[in-house]
Amino acid sequence: MAEIVHQPKVLLVTGGAGFIGSHVVRRWVTRHPEVRVINLDALTYAGNLANLKDIEDAPNHRFVRMDIGDTDAVAQLLREEKVDTVMHLAAESHVDRSISGPMAFLETNIMGTASLLSACRTVWTEQGGFEGKRFHHVSTDEVYGSLGEEGFFTEDTAYDPRSPYSSSKAASDHIVRAWHHTYGLPIVLSNCSNNYGSFQFPEKLIPLFIRNAVQKKPLPVYGQGVNVRDWLWVEDHASALEVIITCGADGRTYNIGGENEWKNIDLIRLMCRQLDEKLDRSAGETEQLITYVQDRAGHDMRYAIDATRLREELGWRPSITFEEGLGKTIDWYLDNGDWLDEVTSGAYRDYYDNQYGNR
Ligand code: NAD
Ligand code: TYD
């Protein structure tokens with residue numbers, strides 16, 4: 001790993017009850033007992049304390065239910081806990097939801113981020129300045145738009161977001177940079193490709209398809225299934241975030257990705273083959289559930305990350321292959337039916353019944 005330039009003492013993670021945030025919190029709580037981890041999350045449909053059961057009693061972990069948009073409450077928490085480092089993951093994160101209800105995305109991702117930055121600036125200024133402080137904004141490669149068959153997103157690729165989700169994340173990236181350039185707030189920024197792994201809410205492709213496959217429900221492939229995504233194991237994202245927050249250069253952006261592109265239909269067929277084996281089904285049985293449905297509006301064709309900067313400047317590498325990570329992920333969902341039942345009660349059912357029917 002590269003040289004450490006920032007050592008968190010009190011780390012505030014926003015969105016720490018969500019998919020990636022819960023892995024980030026678990027990593028810091030278990031590997032860094034000397035760091036106090038404050039986990040701030042509003043517990044929307046996507047945030048679940050069930051994601052944190054194994055660490056809820058850890059002495060260096062405190063969970064606080066709070067909205068990032070509540071500037072005064074956040075400022076008070078920053079003062080009370082003497083927070084020196086913020087890793088900001090709280091967001092509305094699902095593209096399909098951003099199409100059916102964009103306003104919540106603008107509210108949380110844009111205004112919420114601005115509110116959080118304001119609280120940090122106010123409190124850190126009161127405390128004598130920004131020395132020893134750092135704000136890490138966790139973002140997505142979707143801000144760069146959609147690629148054709150060739151090429152990769154680098155940190156210099158022009159922003160070209162196309163969905164309400166990606167445009168709200170692009171706006172938040174710009175706002176974070178504006179607080180750095182205008183007020184001198186110390187920041188780092190990262191843009192990551194699609195994550196997969198345990199604790200992902202079953203509305204995103206991989207956990208939704210595993211759940212539906214187990215229940216022998218249709219697997220709804222958008223359009224022809226030819227869109228391409230670049231998949232990274234969530235624990236490798238969490239390790240990259242640790243490297244960036246501790247070793248990244250002030251004001252710098254790092255792309256994170258696993259050089260692991262898959263056309264949706266090829267990934268879905270691989271999942272079906274692994275599920276046939278793990279569920280003792282005959283070869284080809286799960287694939288029968290594939291159902292082509294209407295394409296997503298404005299569906300981005302291809303995402304692919306060039307992670308050269310992160311690799312060469314900070315020495316980060318992904319730790320496992322996709323086949324291995326996907327196998328572990330499927331096993332986790334098969335072994336954690338109770339978790340799936342818990343997170344898919346209530347609001348999830350309302351949403352799916354209203355938006356898509358019972359698929
Ligand atoms: P998620 O939807 O699983 O979790 C989001 C969390 O934020 C939830 O726990 C939710 O309760 C919380 N939250 C939402 N609104 C809030 C608010 N107003 N105040 C406080 N908490 C609030 O999302 P995720 O997939 O874990 O993504 C986390 C971050 O990483 C997001 O910023 C997302 O844009 C980014 N990202 C995600 C991916 C991916 O593949 N999932 C890839 C790259 C970047
Ligand atoms: P998703 O997991 O929603 O992530 P993102 O849209 O942020 O990339 O979707 C991954 C890909 O899978 C994307 O091309 C859309 C497609 N998809 C389906 O074909 N069917 C589905 O039911 C879902 C949720 C996604």
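For the chain, the C-alpha radius of gyration sits at 0.96 times the compact-globule guess of 2.2 N^0.38 Å, with N the residue count. Surface composition of the chain: carbon plus sulfur atoms contribute 48% of the solvent-accessible area (1.4 Å probe, protein chains only, all chains present).
What Kirkwood Rh does the stretch 80-144 have if only Cα atoms enter the pairwise 1/r average? Answer in Å. Answer for the stretch 80-144: a Kirkwood hydrodynamic radius of 13.4 Å.
Only DSSP H runs of four or more residues enter the estimate; each adds -39500 (n - 2.57), and after division by the residues of the chain the mean residue ellipticity at 222 nm equals -12000 deg cm²/dmol.
Please label the shape of the stretch 49-92 as rounded, prolate or oblate, based on the square roots a ≥ b ≥ c of the eigenvalues of the alpha-carbon gyration tensor (a/c under 1.5 means rounded; beyond that, a/b larger than b/c means prolate, else oblate). Because a/c hits 1.5 or more and a/b fails to exceed b/c, the stretch 49-92 counts as oblate. What FRET efficiency comes out for ASP160 versus LYS9 if R0 is 30 angstrom and r is the Cβ-Cβ distance? Round to the nearest 0.05. So the FRET efficiency works out to roughly 0.20.
Only protein heavy atoms count here; under a 1.4 Å probe, GLU323 has an accessible surface of about 90 Å². The calculated FRET efficiency for GLU34 paired with THR125, based on their beta-carbon distance and R0 = 30 Å, is about 0.65. Legend: residue pairs LYS169/LYS217; LYS204/LYS328; LYS216/LYS263, Cα-Cα distance threshold 27 Å; pairs beyond threshold, LYS169/LYS217. Overall shape: oblate for the stretch 17-80, with the ratio a/c of the largest to smallest alpha carbon gyration tensor axis at 1.5 or above and b/c at least equal to a/b. Which of SER239, GLN274, HIS180 sits farthest toward the positive end of the charge dipole of the stretch 148-298, with +1 on the Cβ of Lys and Arg and -1 on the Cβ of Asp and Glu? Positive-most Cα among the choices belongs to GLN274.
Seen against the Cα atoms of the chain and their longest principal axis, helix 164-183 is set at about 20 degrees.
Surface listing: THR182, THR344 arranged by accessible area from highest to lowest gives THR182, THR344, probe 1.4 Å. DSSP beta bridges confined to the chain are antiparallel in about 10 percent of cases. Heavy-atom accessible area for THR246, with the other protein chains in place and a 1.4 Å probe, reaches approximately 10 Å². A DSSP coil position with no more than 15 other Cβ atoms inside 10 Å describes the following chymotrypsin sites (Phe, Trp or Tyr not before Pro) in the stretch 66-165: TYR159. Once a ≥ b ≥ c are taken as the square roots of the eigenvalues of the Cα gyration tensor of the stretch 99-190, is the result rounded (a/c under 1.5), prolate (a/b larger than b/c) or oblate (a/b not larger than b/c)? Judged from the Cα gyration tensor, the stretch 99-190 comes out oblate (a/c at least 1.5, b/c at or above a/b). In this simple spin-label model, placing a label point 7 Å from the Cα along the Cα-to-Cβ direction at both LYS217 and LYS328 gives a separation of 2.7 nm.
Dipole check for the stretch 1-75: with +1 at the C-beta of Lys and Arg, -1 at the C-beta of Asp and Glu, and the Cα centre as origin, the magnitude is about 220 Debye. The residues of the chain present an accessible area of 41 Å² per residue when probed at 1.4 Å with all protein chains retained.
Considering only TYR292, TYR196, TYR333, the mean-square fluctuation computed in a Gaussian network model of the chain, springs between alpha carbons under 10 angstrom, is largest for TYR292.
The values are calculated or read from the model by the stated rules, or taken from the named source; none is laboratory data. The structure presented is a predicted model; accordingly, all values stated were derived computationally and were not measured. Cβ sites come from the backbone with ideal geometry, for glycine too, and all protein chains shown count toward neighbours. Each accessible area value is taken on the protein alone, full model and side chains, heavy atoms only, with ligands, DNA and RNA left out. Shrake-Rupley method; radii C 1.70, N 1.55, O 1.52, S 1.80 Å.
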